[in-house]
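Asker: To start, I am sharing the structure in question, which I have written as structure tokens.
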Amino acid sequence: MSNLLDLLIAGLATGAIYAIVAVGFTLLWQTSQTINFAQGEFVMLPAFLMLAVMHAGAPFWLAILIGIALSLLLLGLGFKMLLVDPMLRHGVLPLAIATMALAIGIKEAAKQFWSAEASPFPSIIPGGDITIFGRVVALQSIGVLVLAILAVLGLTTLLNRTSIGHQMQAAAQNPTVARIIGVPVERMILLTFLINAFLVALASLLITPIYLAKFSNGEVLGQAAFIAAIVGGFNQVRGAIAGGLLIGVVDNLSAAYVSTQYRAAVPLVLLIAIILFRPQGMLGRPEERTV
């Protein structure tokens, strides 16, 4: 039982990061019908940007601020204006293919200009252990879980309890009607891309001290977050959150009780089951489209 508690806490911490990244998937799809297959690389890149700033002599706190600012500029504004806007007019499929190419480009660029070797990355959470229910638990796991939960709560508060959040939801649900009632739809869509850029930078800051900074991180994180978004419900933020937590726990438990060799297969089995029996996801809603 004690070992199970350790696994659950570690799984929830990892799952909370998956949830942050999955929420970005969901927000981009809701507002602009964008499926970003480079989302995992978007999580990988900010860590390398922060490391580059630190190697230039900046302190860690300044590297964090600069890394987040660069993420907003490159992965938010730049991504929307230079790739999404030109490609989306040709349809969702060409855009999806373009984001796949972007993922490969970012990964190879990180490998070429930084290193193929993993690099250590400092943590914003102090090291050490704390005792919960008589069990010693890593402080980093608790800190990651708490910060990720605070980020998700902040986002849901923004979406559900502020005027900007209501405008974002209106722009996502029916852009035509939203424009008629005076909602600045294009500005809300841009804000969504900036929020996604902030979320991936935060996820990078939280998970890189655990996984180390390496060019292949995006493959694992992107796949896990994409599965989480589909399992939870691709058109619901709460579904992405639930899916992320579930995938994190399932992945950790399968590694401990099934096999580390086949741990990646268990979330895929869950994904197939969801697609077969509840295509809209656990908390998603069915979408009807006119053909």
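Asker: So what J values fall out for the stretch 162-173 if you push phi through Karplus, 6.51 cos²θ - 1.76 cosθ + 1.60 with θ = phi - 60°, rounded to Hz, Gly and Pro as x?
Answerer: These are the phi-based 3J(HN,Hα) values: 10, 5, 4, x, 5, 5, 4, 5, 5, 5, 6, 6 Hz.
Asker: Additional query: Taking only DSSP H segments of four or more residues, each worth -39500 (n - 2.57), what value at 222 nm results for the chain once the sum is divided by all its residues, to the nearest 500 deg cm²/dmol? Could you put the intermediate results ahead of the total?
Answerer: Working: 12 runs with 203 residues, N = 291.
Value at 222 nm, helices only: -23500 deg cm²/dmol.
Asker: Something else about it: How do the peptides 36-47, 258-269 rank, highest first, by the average count of neighbouring beta carbon atoms within 10 Å per residue?
Answerer: Details: 36-47: 26.9, 258-269: 13.2.
The most tightly packed comes first, giving 36-47, 258-269.
Asker: OK, next. Below 8 Å, C-alpha to C-alpha, sequence gap of six or more: please give me the relative contact order for the chain in percent.
Answerer: Numbers: 447 pairs, mean separation 101.6, N = 291.
With pairs under 8 Å counted, the relative contact order is 35 percent.
Asker: Can I ask one more? Given that just one value was derived from the coordinates, which of (i) 57, 50, 39; (ii) 50, 49, 35; (iii) 58, 49, 35 is Cα extents along the principal axes in Å?
Answerer: (iii)
Asker: What ranking do Ser204, Ser115 get, fewest neighbouring Cβ atoms within 10 angstrom at the top?
Answerer: On the way: Ser204 30, Ser115 14.
Lowest count first: Ser115, Ser204.
Asker: Can you tell me the FRET efficiency between Leu158 and Ser259 if r is taken as the Cβ-Cβ distance and R0 is 45 Å, rounded to the nearest 0.05?
Answerer: Numbers: r = 41 Å, r/R0 = 0.91.
Taking R0 as 45 Å, the efficiency between Leu158 and Ser259 is 0.65.
Asker: Hey, got the dipole for the stretch 2-277? About the Cα centre, +1 on K and R Cβ, -1 on D and E Cβ, debye to the nearest 20? Show your work: numbers first, answer last.
Answerer: Details: 11 positive and 9 negative charges, 90 e Å.
The dipole of the stretch 2-277 has a size of about 440 debye.
Asker: Whole Å is fine, so just give me how far the alpha carbon centre of the stretch 212-246 lies from that of the stretch 62-108.
Answerer: The two parts, judged by their Cα centres, are 18 Å apart.
Asker: Follow-up. Say the dipole of the stretch 95-215 comes from +1 at the beta carbon of Lys and Arg and -1 at that of Asp and Glu; which of Gln169, Thr156, Ile97 then lies farthest toward its positive end?
Answerer: Selected residue: Gln169.
Asker: Same structure, new question: Please compute the Kirkwood hydrodynamic radius of the stretch 182-291 from all pairs of different C-alpha atoms, in Å with one decimal.
Answerer: Working: mean 1/r = 0.0638 Å⁻¹.
Hydrodynamic radius (Kirkwood, Cα only) of the stretch 182-291 equals 15.7 Å.
Asker: If you don't mind, there's one more thing I want to ask. Give me the percent relative contact order of the stretch 149-291, please, defined on Cα pairs under 8 angstrom at least 6 residues apart.
Answerer: 16
Asker: Next question. GNM, the chain, Cα, under 10 Å: largest mean-square fluctuation among Thr208, Thr34, Thr156?
Answerer: Maximum among the listed residues: Thr156.
Asker: Also, quick follow-up: As I understand it, the dipole of the stretch 127-245 uses +1 on the Cβ of Lys and Arg and -1 on the Cβ of Asp and Glu, about the Cα centre. Which of Gln223, Ile180, Val200 lies farthest toward its positive end?
Answerer: Ile180
Every read-out reported here was derived from the displayed coordinates using simple, explicitly stated rules and does not represent laboratory data. Keep in mind the model is a prediction, meaning the values are calculated, not measured. Here Cβ is always computed from backbone atoms with ideal geometry, including for glycine, and neighbour counts include all displayed protein chains.
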